[in-house]
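The values are calculated or read from the model by the stated rules, or taken from the named source; none is laboratory data. The model shown is predicted, which means the values in this text are computed figures rather than measured ones. Neighbour counts are summed over all protein chains in view; Cβ atoms, including those assigned to glycine, are modelled from backbone coordinates with ideal geometry.
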Amino acid sequence: MKRVGVLVGREKTFPEAIIEKINTQSGGNVIAEYLKLDGIRYDAPPAYDLVIDRISHEVPFYRATLKRMALEGTIIINNPFWWSADDKFFNYSLGKKLGVAIPKTVLLPQKDYMEGIVSESLRNLEFPLDWQAIVDYVGLPAFLKPFDGGGWKNVSKVNSLEELWAEYDKTGTLCMTLQESIEFDQFVRCYCVGQEEVMIMAYDPRKPYLSGEQYVHDPNYLAPELSERVKKDVRTLCTALGYDINTVEFAIKDGVAYAIDFMNPAPDAELASVGEFYHNWIVESVAKLALKRLAESQTPVRYRWDSLLNPEPVRAYAVASASEQKSRTIEPKIQAASAKAANQTAEISKKPEQAKKTTGRRKKPTV
């Protein structure tokens, strides 16, 4: 009997629904339940085969526990090691390299620092910052937001350099990004499950949470061609990042879908927020994913950070230059001797006088 643990925060309807769905669809072969934790021994055997994580990004004890469980072979959705290392600025840079449309973005030094960081600690920073050049690059209006935040927390829209300074002065020790504002014609939030299944949701971030107006079920909200492009970009991003559950948000302007947020591996799935249709879809999709992962054969754990960040084997192929290939080539002794003799004969025939001097010279002894 395999066991699935669900690690949750304040949400209620999604975890209850996912537990019921897994227990029903498994045919009695899997038990899903809320994860229960006490003090964690560093040598305890794994209690769960798979854990669905919804809250460890906000509770360090949970995060350390999940990484330890992963070490023992427990499947964690999502990867706790990568989520610990990830940030939105890296994501923006990666998205750009992958060919996804990304608004212009600049990473900003922090306004304040933890105790012990003094002026000598920051000698590598330019001071003052060239704020005008930053604004000229990003453009105005722009969004000032944390480089690793979520849930639209500590996000502010600025329309002038003076507003930027005023908002920046409030950020304290948060590391922030300044990002081009896309004055969108359409906006979508897309669920992605298993790096393959995509649900595009018409979404209005300007509406208040739990207003019932943020999410609209409209299968024809995007034109077919744009819909396919959005799905392709969602899969590209989630596959590159390795997230099995994520949401990707796009601000769409003049037919171009700009990815503005795709680090949300515990996306909102509450019934009162997303509505019945989307709630049911995400519950069904995550349950299928969990059962699929449990059915797959598991490779032995490699105790290296890079293997936990990249669980699938990665192969790189390169062709060495001609000179490098030659330096790596080992010839059989007989063939090598024959080739050497042939070369010497050719040299003698070309330069007899020089060859005589060379062949008559004694070699230095090898020490």
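Miscellaneous remarks
- Hits in the stretch 168-222 (condition: without any contact (Cβ under 8 Å) to a residue 24 or more places away in the chain and more than 28 Å from residue 135 (Cβ to Cβ)): 202, 207, 208, 211, 213, 216, 218, 219, 220
- Verdict on residue 81 being under 21 Å from residue 267 (Cα atoms), in contact with a strand residue (DSSP E or B) (Cβ under 6 Å, 6 or more places away or on another chain) and touching a residue at least 40 places away in the same chain (Cβ under 8 Å): no
- Contact map, the stretch 110-133: residues that are under 20 Å from residue 146 (Cα atoms) paired with residues that are in a loop (DSSP other than H, G, I, E, B) and of a type outside the set (Ser, Thr, Tyr), Cβ distance under 6 Å, separation 6+ or inter-chain. Pairs shown: 110/175; 112/172; 125/109.
- Of all residues in the stretch 108-129 being surrounded by fewer than 10 Cβ atoms within 10 Å (Cβ to Cβ) and among the aliphatic types (A, V, I, L, M), the one that is nearest to residue 166 (Cα to Cα): 114
- Candidates 287, 257, filtered to the one that is in contact with a Leu (Cβ under 8 Å, 6 or more places away or on another chain) and either farther than 17 Å from residue 150 by Cβ or part of a loop (DSSP other than H, G, I, E, B) (or both): 257
- Criterion applied to 282, 252 was being under 21 Å from residue 25 (Cβ atoms), in contact with a Phe, Trp or Tyr (Cβ under 6 Å, 6 or more places away or on another chain) and not in a loop (DSSP other than H, G, I, E, B), and the one residue passing it is 282.
- Residue in the stretch 166-189 that is surrounded by fewer than 16 Cβ atoms within 10 Å (Cβ to Cβ) and in contact with a Gly (Cβ under 9 Å, 6 or more places away or on another chain) present: yes
- Members of the stretch 242-261 found to be crowded, with 20+ Cβ neighbours inside 10 Å, under 20 Å from residue 289 (Cα atoms) and in contact with a helix residue (DSSP H, G or I) (Cβ under 7 Å, 6 or more places away or on another chain), listed by number: 244, 245, 246, 248
- You will find that of 20, 16, the residue that is over 27 Å from residue 177 (Cα atoms), at pLDDT 95 or above and loosely packed, with under 15 Cβ neighbours inside 10 Å is 20 and no other.
- Exactly one residue out of 87, 49, 148, 53 is in contact with a helix residue (DSSP H, G or I) (Cβ under 7 Å, 6 or more places away or on another chain), surrounded by fewer than 19 Cβ atoms within 10 Å (Cβ to Cβ) and in contact (Cβ under 8 Å) with a residue 60 or more places away in the chain: that is 148.
- Residues in the stretch 130-145 that are within 21 Å of the chain's Cα centre (by Cα) and surrounded by fewer than 19 Cβ atoms within 10 Å (Cβ to Cβ): none.
- The listed residues are 31, 40, and the only one of them that is surrounded by 15 or more Cβ atoms within 10 Å (Cβ to Cβ) and in the same structural domain as residue 67 (by TED's automatic domain parsing) turns out to be 31.
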